[in-house]
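The values are calculated or read from the model by the stated rules, or taken from the named source; none is laboratory data. Nothing here was measured: the structure is a model prediction, and the numbers come from that model. Reconstructed Cβ throughout: ideal geometry from the backbone, glycine too, with neighbour counts over all protein chains shown. Keep in mind that these areas ignore ligands, DNA and RNA; they rest on the heavy atoms of the full protein, side chains included. Shrake-Rupley method; radii C 1.70, N 1.55, O 1.52, S 1.80 Å.
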Amino acid sequence: MAVTRTFSIIKPDATRRNLTGAVTKMLEDAGLRVVASKRIHMTREQAEGFYAVHKDRPFFGELVEFMMSEPVVVQVLEGEDAVARNREVMGATNPADAAPGTIRKELALSIGENTVHGSDSEENAAIEIAFFFSDEEIVG
Ligand code: DAT
Ligand code: MG
């Protein structure tokens, strides 16, 4: 397996509860390396653009409002098979369904306020990384 990159967001429910470090530690303990990181307060344009794939879903409005509600930390993570490794440590979308030891099981509040985003494919990882980071901001 090759060393690859994925894109992660520490969501507003986590920054609000001062869990940026706790989430990052779980990512690092899972073998992922933070090669870029910044704290931002998403604009409506950013939140709507980033989640455009979900624009016809009933929860889209709620999702956009949530992502704009407090600062987030956007990160690029690097490691062996990073997309799959990150999805594994994140756990299922709904924390009620997430496996013990995963970030969402241990820390998430609900299916909406679920602590972390992670890319779902290498193709989307590249798109999502480019949405928030320039090449110069990523230091591997
Ligand atoms: P994931 O974040 O696990 O990739 P997704 O891409 O299906 O999940 O959905 C994106 C986000 O939208 C998810 O993290 C939280 C929110 N969401 C998904 N399904 C939802 C639902 N049924 N009710 C409220 N929010 C939901
Ligand atoms: Mg998704």
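Are any residues in segment 77-112 assigned to a helix (DSSP H, G or I), over 17 Å from residue 128 (Cα atoms), open to solvent by less than 50 Å² (accessible area, probe 1.4 Å) and touching a residue at least 40 places away in the same chain (Cβ under 8 Å), and if so, which ones? Hits for segment 77-112 are 89, 103, 107.
Give segment 31-67 a look and list any residue that's among the small types (Gly, Ala, Ser), within 16 Å of residue 117 (Cα to Cα) and either free of Cβ contacts under 8 Å to residues at least 40 places away in the same chain or within 16 Å of ligand 2 (Cβ to nearest atom) (or both), or say none. 37, 47, 49, 52 - these are the residues of segment 31-67 that are among the small types (Gly, Ala, Ser), within 16 Å of residue 117 (Cα to Cα) and either free of Cβ contacts under 8 Å to residues at least 40 places away in the same chain or within 16 Å of ligand 2 (Cβ to nearest atom) (or both).
If you take the residues in segment 113-140 that are among the charged types (D, E, K, R) and open to solvent by 70 Å² or more (accessible area, probe 1.4 Å), which one is farthest from residue 61 (Cα to Cα)? Applying the filter and picking the extreme gives 136.
The single condition among (1) surrounded by fewer than 20 Cβ atoms within 10 Å (Cβ to Cβ); (2) of a type in the set (D, E, K, R); (3) away from ligand 1 (no atom under 15 Å from the Cβ) that residue 62 does not meet is (3). Residue-level analysis places residue 54 outside the set of residues that are under 13 Å from the mean Cα position of the chain (by Cα) and either open to solvent by 60 Å² or more (accessible area, probe 1.4 Å) or within 13 Å of ligand 1 (Cβ to nearest atom) (or both).
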